[in-house]
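Notes follow once the structure below has been shown.
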Amino acid sequence: PYLDVPFQHSHPDVLKRMKRPASGEKNLERLARWREACPQIVVRSTFIAGFPGETEGEFEHLLDFMREARIDRAGCFAYSPVAGASANELPGALPRDVREARRARFMAVAEQVSAAKLAERVGADMQVLVDSAPALGKKGGVGRSYADAPEIDGVVHLLAPLKASKTLKVGEFTRARIVGTQGHDLVGQPV
């Protein structure tokens, strides 16, 4: 239950300038329906900050959307002109430092949301695909849950299994109780 949905923005006027059909309010409703149907769903999205004409109020709308939508994993790009793009002709181009500052502000909010969502997983049992295990005689490993796209999202740091007879094998699944978080990652105890 992992969805990658590129919302790109939340404010209807910015979405209109981007020539995107969706509106932020409908996206909140859509997210609520998805979470009702599948409570364990993880949503990843990408956004653009500093699109031509974006006002501070429109940007604040985007930050409020992130807080309310509680997107699990989010990335953000500062708008940059692309050769031949019609957006280059839009009025209100923002200076690069403003675009980059907005991207950084967005990512700070996204990281707060993501950390809170990860903290909610502490105490849960999850199936983890083991990606790496240490050499013979060492304990622990690194893996991914269904919520972690490889090389994009976080990982699950696996502690030494409680049962001495249990070994972690790369490419196999193990059950782990989530016992903590580390930045964008989870810490799991194989059970």
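Taking a span of 27 Å or more along the helix axis (Cα atoms) and a mean Kyte-Doolittle hydropathy of at least -0.5 as the rule, the DSSP H helices of the chain that qualify are 96-119.
Think of region 1-159 as a dipole: +1 on every Lys or Arg Cβ, -1 on every Asp or Glu Cβ, centred on the Cα centre; then among GLN8, ALA133, PHE106, ALA133 lies furthest on the positive end.
The largest accessible area among ARG96, ARG102 belongs to the first residue in ARG96, ARG102, and the rest follow in falling order (1.4 Å probe, all chains). Between ALA87, ALA115, ALA147, the residue with the greatest mean-square fluctuation in the GNM of the chain (Cα pairs under 10 Å linked by springs) is ALA87.
At q = 0.19 Å⁻¹ the log10 of I(q)/I(0) for the chain amounts to -1.19, computed by Debye summation with a single uniform scatterer per C-alpha, solvent ignored. When the Gaussian network model of the chain links Cα atoms closer than 10 Å, the mean-square fluctuations of GLY141, GLY84, GLY92 top out at GLY84. Under 25 Å between C-alpha atoms is the cut-off here; go through the chain and count lysine pairs that meet it, provided they're at least eight residues apart or on different chains. So the count of such lysine pairs works out to 8. Mean residue ellipticity, 222 nm, helices only, the chain: the sum of -39500 (n - 2.57) across DSSP H runs of n ≥ 4, divided by residue count and rounded to 500, is -10000 deg cm²/dmol.
Surface calculation, 1.4 Å probe, protein heavy atoms: ARG177 sits at approximately 100 Å² accessible. For region 34-191, the solvent-accessible area works out to 53 Å² per residue, with a probe of 1.4 Å and every protein chain left in place. LYS16 contributes an accessible area of around 150 Å² to the protein surface, as traced by a 1.4 Å probe with all chains present.
Among beta bridges identified by DSSP and lying wholly in the chain, the antiparallel ones come to about 55 percent.
For the chain, the carbon plus sulfur part of the accessible surface works out to 56%, probe radius 1.4 Å. Under the criterion of Cα pairs below 8 Å and six or more residues apart, the relative contact order for region 1-76 equals 42 percent.
Taking 0.36 nm per residue of sequence separation and removing the Cα-Cα distance, the SER86/LEU129 pair yields an extension gain of 11.1 nm.
Counting every alpha-carbon pair across region 65-146, the share separated by more than 20 Å comes to 60%. Per-residue SASA remark: ARG144, around 60 Å² accessible (1.4 Å probe; ligands, DNA and RNA not included). Just so you know, the Cα atoms of region 22-113 work out to an Rg and Dmax of 14.4, 43 Å.
The values are calculated or read from the model by the stated rules, or taken from the named source; none is laboratory data. No experiment lies behind these values; they were computed from the predicted model shown. We place every Cβ from the backbone using ideal geometry, glycine too, and count neighbours over all the protein chains shown. What goes into the accessible areas is simple: the full protein's heavy atoms, side chains included, and nothing from ligands, DNA or RNA. Shrake-Rupley method; radii C 1.70, N 1.55, O 1.52, S 1.80 Å.
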